[in-house]
Each structure stands twice: as C-alpha cells, then as structure tokens.
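Okay, here's the structure, questions in a sec.
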Amino acid sequence: LPDLAFMIVDKNTELESKMLSEYPEWSFLPSEDLKKTTLEIFTDNKFAKRKCSKNQKIIKIPNPKVFIIAREILKRKGITMLIIDDNLLNL
C-alpha cells in the first residue's frame, strides 16, 4: 500500500463503491470477479480530482493500512477488492 492515499466519497461521506465490471480496463477478468464490489483508492490528489464530480469530495487517507485493519468491516459492506492505481488487491 502507498504511504499516502486519497479516496472519493459522496457529500455525506459515504464510500463510493462500484462493481468491478464498471471499469473497462478490468473487463478481461472472469465474470465471477467482475461481480465483486470495489473501492478505488488514488495515490495522486490531482488524478482523484479529475474523477471527482460535483456531488463528491476527496478525503485524504494519511495511513492507507487502515484498509487492512478495517477489511472485515468493508467485507460486511460487500467491498471485497481495492483498486489502487493500476493494481487490483483482494481483501
């Protein structure tokens, strides 16, 4: 995991999770993997701002290891994978 990360959330500070099938760059994966819910993490604030819409905001994650600590909570919410830059990590 990177030393510093950024994440897009909606204005109510709810996680913005997506199905893996919504990312065309991962379409080569098996269909069972494409049904999994992901959370996208950014290492560059400028890139995160480009993907952020008006009803969303960016939060800074000073310690991205929090995703490892909270993986059971994320799994209960249905989030089983993280996308960090061009890497796909399974929780």
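The values are calculated or read from the model by the stated rules, or taken from the named source; none is laboratory data. Source: prediction; values computed, not measured. Counting neighbours? That spans all protein chains shown, and the Cβs are built from the backbone with ideal geometry, glycine included. Quick note on the areas: whole protein, heavy atoms, side chains included, nothing else; ligands and nucleic acids left out. Shrake-Rupley method; radii C 1.70, N 1.55, O 1.52, S 1.80 Å.
Taking only protein heavy atoms into account and a 1.4 Å probe, give the accessible area per residue of the chain in Å².
On the way: 6030 Å² over 91 residues.
Computed with neighbouring chains in place, this is 66 Å² per residue.
Okay, moving on. When Lys and Arg each count +1 and Asp and Glu each count -1, what net charge do the other residues less than 15 Å away from Arg71, Cβ to Cβ, add up to? It would help to have the intermediate numbers written out before the result.
Details: positive: Lys36, Lys65, Lys75, Arg76, Lys77; negative: Glu72.
Result for the neighbourhood of Arg71: +4.
So, in the range 36-91, how many Lys pairs have Cα atoms under 26 Å apart, if the pair is 8 or more places apart or on different chains?
Total qualifying Lys-Lys pairs in the range 36-91 comes to 27.
If you keep only loop residues by DSSP, which chymotrypsin sites (Phe, Trp or Tyr not before Pro) in the range 1-80 have at most 13 other Cβ atoms within 10 Å of their Cβ? Let's see the in-between values first.
Details: sites: Phe6, Trp26, Phe28, Phe42, Phe47, Phe67; in loops: Phe28.
Listed in order of number, the matching sites are Phe28.
Counting only residues 5 or more places away or on other chains, whose amide H sits under 5 Å from the amide H of Ala5 once H atoms are built in the peptide plane?
So Ala5 has HN proximity to Ile61.
Put a dot 7 Å past each Cα toward the Cβ at Asp10 and Gln56; how far apart are the dots in nm?
Distance between label points: 1.2 nm.
Counting other Cβ atoms within 10 Å, which trypsin sites (Lys or Arg not before Pro) in the range 1-72 have at most 15 and lie in a DSSP loop? Before the final figure, lay out each step's value.
Details: sites: Lys11, Lys18, Lys35, Lys36, Lys46, Lys49, Arg50, Lys51, Lys54, Lys57, Lys60, Lys65, Arg71; in loops: Lys11, Lys35, Lys36, Lys54, Lys65.
Counting only loop positions with at most 15 other Cβ atoms within 10 Å, the trypsin sites (Lys or Arg not before Pro) in the range 1-72 are Lys11, Lys35, Lys54, Lys65.
Give the shape of the range 17-91 as rounded, prolate or oblate, defined through the alpha-carbon gyration tensor: a ≥ b ≥ c are the square roots of its eigenvalues, a/c under 1.5 means rounded, and otherwise the shape is prolate if a/b is larger than b/c and oblate if not. Mind dumping the intermediate values first?
Numbers: a/c = 1.76, a/b = 1.18, b/c = 1.49.
It comes out oblate by the Cα gyration axes.
Roughly how far apart, in whole Å, are the Cα centres of the range 1-51 and the range 73-90?
Distance between centres, Cα-based: 8 Å.
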